[in-house]
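Let me begin by presenting the structure, written as structure tokens, before commenting on it.
The values are calculated or read from the model by the stated rules, or taken from the named source; none is laboratory data. What you see is a predicted model; the values in this text were computed from it and never measured. As a convention, Cβ positions derive from the backbone with ideal geometry for all residues, glycine included, and neighbour counts pool all protein chains shown.
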Amino acid sequence: MHGYRGKILRINLSDKTWKLEKLDHTEALKYIGGRGFGSKIMFDEVDPNIDAFDPANKVIIATGPMTGTPTPAGGRYMVVTKSPLTGTIASSNSGGYWGAEMKFAGYDMIILEGKSEKPVSIFIEDDKIEFRDAGHLWGKTTIETTNELMKEAPEKAKVLCIGPAGENLSKIAAVMNDLNRAAGRSGVGAVVGSKNLKAIVIKGSSKPTVADPDALKDVVKRGRAQIKENGVTGAGLPTYGTNVLVNIINEQGVFPTRNFQETYFDKAEEVSGETMSEQFLLKRESCFACPIACGRYTKADDIETGGPEYESVWAFSAACGVSDMKSAIKANFWANEMGLDTISAGVTVATAMELYEKGIIKDDELDGLGLKFGDGDSMVEWVKKLGRRDGELASKMAEGSYRLADAYGHPDLSMTVKKQELPAYDPRGIKGQGLQYATSNRGGCHVRGYLISPEILGLPEKLDRLEIKGKPGWVKIFQDLTAFIDSCGMCLFTSFALNADDYAEMFSAVTGEKHTAEDILKAGDRIWNLERIWNLKAGIDPSQDKLPKRLMEEPIPSGPSKGHLPRLPEMLPLYYQERGWDENGIPTPEKLKELGVPS
Amino acid sequence: MQIKVRLFATLREGRGKELIMDLEPGLNPQLVIDLLKIKRDEVAILLVNGMDGKFDQQLIDGDTVSIFPPVGGG
Ligand code: SF4
């Protein structure tokens, strides 16, 4: 077995026991690893209808066959569980170095079961597994926790942990690793918190083998050259980071502003990638084996922090009407410290701001803080309070935007799909991305299929963002390829420069199992259908393949994309057809049989 | 006619962020980039008034041309 380590570590937190299981190689190849294989374990072992915080829910930390190999940006892992935010299957992807270290320790997957009676940390050094009391760490932030744990950890060990938000069961809590990398979305940190697990410290000493080292060397060399020559991965991302998108998206009038009430932010330049590079950037950061190094490390007053990335800058600037980069950097820092998903935290504060603007949230609920659009200082304070559930309103915010707005009787003011906050591209003016948001298996999300690539950046070819012709097919291919990439353990950003053939070649060289582009797209399709079936069983029916009412009914009010609506009703039936589903959006028995997906 | 040119990322180096150009009527974005000594393959995204633009499209008074080099995603 190459690429894979062949071992699953199953940990029972209730009785503090663990056992090793052999990886089922056939199943692993079918579902690749990471997101795909993690979802299959969920399918086999967890009732989709349980409450996400039920100890019977499991947290699966899964690497892919490429994680920890020399493939470009092959250091990713995923956290797969039932989401407390959406009720769907959740799988959140993270970079940094933790995932590769887990592979070096000898594991493809760690399955966390049950619930510890008291706060606990797990220390793993190769085959040595130890449970340690984490009472003294409960309540501590990400940096405090990591520093504290490193005092008792082997040198160069890597730390994964939750912050106060995860402990407090905030439905928008993240799992953090390497201080500032996050498996951010869908509240996976809260499920870890519900199990009273504070952290996993890991150290490994052996590398996964690869089937054909010579072939891998060749294809990696070629892939790295493609990444270097590509304008986006070789120049744009390394120089400016993802935040260079601020101006690109704003210039086209699709930069959601003040909780999606507008789509053009007149202060965008102040929070742009260009401004960040000139005034706030200390250094670039990279993840394991990554030639792109899109990560930023910035400083605002006395705060230094990893990031913020584009989505986080947006969530803590335009979304909240805030025009100063310092506040965005500080809010990002505190979101990391609290262990919060930056997109969901920013959009939730933005929702609260709109509720306040409309007089629905009252002054006497604010604990002496402000809550007006544009008030950066208060935004930072709300992020801190939210993570700690400090006060009644902050506690409502910790439930995420949908439940916050719903608590005030105005769920339509929440800019969410399947209760997960939408990211930084207005779907009314980017039609394919809109369809992707609506059909994403984990709710509002841009990285289940990054249609921005063809519709805005022109990669691999330029599509008219306002047209719908051909888009359902594009959405399917992007979703399927992404499902493969997430599962194999490489970073999605490599796909600006690499295509399905490149991934197939790398996968074949690593695992020794000959795969073509067609095979890997089929694996992606299989994973997509499996997730869909799981969601259907969890009661997330196709009527939820939709966008928020505001975005469906109110045309973009001004700016370059003025007047546009998503045209979802025209595209959705065609998308179902592309997927081989029936007209109600249910995978047909024939389709499932063809893919070998259980029903 | 007067047009506004907005430059981004590396294209700002030595040129600035925003320029107002006085041009003969009927000129197109190709001429704008020629005047600014920007090569065609340095342009990844060309917008005229926020919409996808073409290098040979006729500009009219008051148009805004935005030009981006190959940049990132996120
Ligand atoms: S492209 Fe960025 S996020 Fe992806 S692995 Fe490299 S540094 Fe990490």
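Looking across A:283, A:221, one residue alone is assigned to a strand (DSSP E or B) and surrounded by fewer than 20 Cβ atoms within 10 Å (Cβ to Cβ). It is A:283. Within region A:242-256, can you find the residues that are part of a helix (DSSP H, G or I), of a type in the set (A, V, I, L, M) and more than 7 Å from chain B (Cβ to nearest Cβ)? The answer is A:246, A:249. In region A:482-524, of all residues being touching a Cys at 6+ places or on another chain (Cβ under 9 Å), in a helix (DSSP H, G or I) and within 14 Å of another protein chain (Cβ to nearest Cβ), the one that is nearest to residue A:93 (Cα to Cα) corresponds to A:485. For residues that are within 14 Å of the ligand (Cβ to nearest atom) and part of a strand (DSSP E or B), tally how many sit in region A:74-93. Total satisfying the criteria: 4. Just one residue in the set A:269, A:278, A:304, A:337 is over 30 Å from residue A:225 (Cα atoms), within 14 Å of another protein chain (Cβ to nearest Cβ) and away from the ligand (no atom under 16 Å from the Cβ); that residue is A:269. Of A:214, A:266, which residue is acidic (Asp, Glu) and over 27 Å from residue A:434 (Cα atoms)? Sole residue among the options that is acidic (Asp, Glu) and over 27 Å from residue A:434 (Cα atoms): A:214. In region B:39-61, of all residues being within 14 Å of chain A (Cβ to nearest Cβ) and either part of a loop (DSSP other than H, G, I, E, B) or in contact (Cβ under 8 Å) with a residue 40 or more places away in the chain (or both), the one that is surrounded by the most Cβ atoms within 10 Å (Cβ to Cβ) corresponds to B:53.
Among the residues of region A:346-378, the one identified as among the hydroxyl-bearing types (Ser, Thr, Tyr) and farther than 23 Å from residue A:173 by Cβ is A:356. Residues in region A:163-179 that are farther than 11 Å from residue A:142 by Cα and among the β-branched types (Val, Ile, Thr): A:172 only.
Looking at residue A:239, is it polar (S, T, N, Q), under 17 Å from residue B:11 (Cβ atoms) and within 14 Å of chain B (Cβ to nearest Cβ)? Spelling it out, residue A:239 is indeed polar (S, T, N, Q), under 17 Å from residue B:11 (Cβ atoms) and within 14 Å of chain B (Cβ to nearest Cβ).
Count of region A:282-297 residues, restricted to those that are without any contact (Cβ under 8 Å) to a residue 40 or more places away in the chain and within 15 Å of the ligand (Cβ to nearest atom), is 4.
Name the residue that is farthest from the ligand (Cβ to nearest atom), counting only residues in region A:307-334 that are hydroxyl-bearing (Ser, Thr, Tyr) and part of a helix (DSSP H, G or I). Among residues in region A:307-334 that are hydroxyl-bearing (Ser, Thr, Tyr) and part of a helix (DSSP H, G or I), the one farthest from the ligand (Cβ to nearest atom) is A:327. Among the residues of region A:214-236, just one is under 23 Å from the mean Cα position of the chain (by Cα), more than 7 Å from every other protein chain (Cβ to nearest Cβ) and among the hydrophobic types (A, V, I, L, M, F, W, C), namely A:227. Of the residues making up region A:179-206, those that are under 16 Å from the mean Cα position of the chain (by Cα) and of a type in the set (S, T, N, Q) are A:180, A:186. The residues of region A:46-73 that are away from every other protein chain (no Cβ under 14 Å) and within 16 Å of the ligand (Cβ to nearest atom), listed by number, are A:63, A:64, A:66, A:67, A:68, A:69, A:70, A:71, A:72. Does region A:167-175 contain any residue that is assigned to a helix (DSSP H, G or I) and at pLDDT 95 or above? Yes, region A:167-175 contains at least one residue that is assigned to a helix (DSSP H, G or I) and at pLDDT 95 or above. Criterion applied to A:527, A:468 was being β-branched (Val, Ile, Thr), part of a helix (DSSP H, G or I) and not assigned by TED's automatic domain parsing to the domain that holds residue A:288, and the one residue passing it is A:527.
Screening A:233, A:209, A:242 for residues that are more than 16 Å from the ligand (Cβ to nearest atom) and hydroxyl-bearing (Ser, Thr, Tyr) leaves exactly one candidate, A:209. Within region A:94-128, the residues that satisfy the criterion of being within 16 Å of the ligand (Cβ to nearest atom) and buried (at least 24 other Cβ atoms within 10 Å of the Cβ) are A:94, A:95, A:96, A:98, A:99, A:100, A:101, A:102, A:103. In region A:557-573, the residues that are within 14 Å of chain B (Cβ to nearest Cβ) reach residues that are assigned to a helix (DSSP H, G or I) and among the small types (Gly, Ala, Ser) with C-beta atoms within less than 7 angstrom, at least six apart or across chains, in these pairs: A:561/A:429; A:564/A:429.
Hey, any hits in region A:435-458 for a residue that's free of Cβ contacts under 8 Å to residues at least 40 places away in the same chain, of a type in the set (A, V, I, L, M), surrounded by fewer than 24 Cβ atoms within 10 Å (Cβ to Cβ) and within 14 Å of chain B (Cβ to nearest Cβ)? No, because not a single residue in region A:435-458 is free of Cβ contacts under 8 Å to residues at least 40 places away in the same chain, of a type in the set (A, V, I, L, M), surrounded by fewer than 24 Cβ atoms within 10 Å (Cβ to Cβ) and within 14 Å of chain B (Cβ to nearest Cβ).
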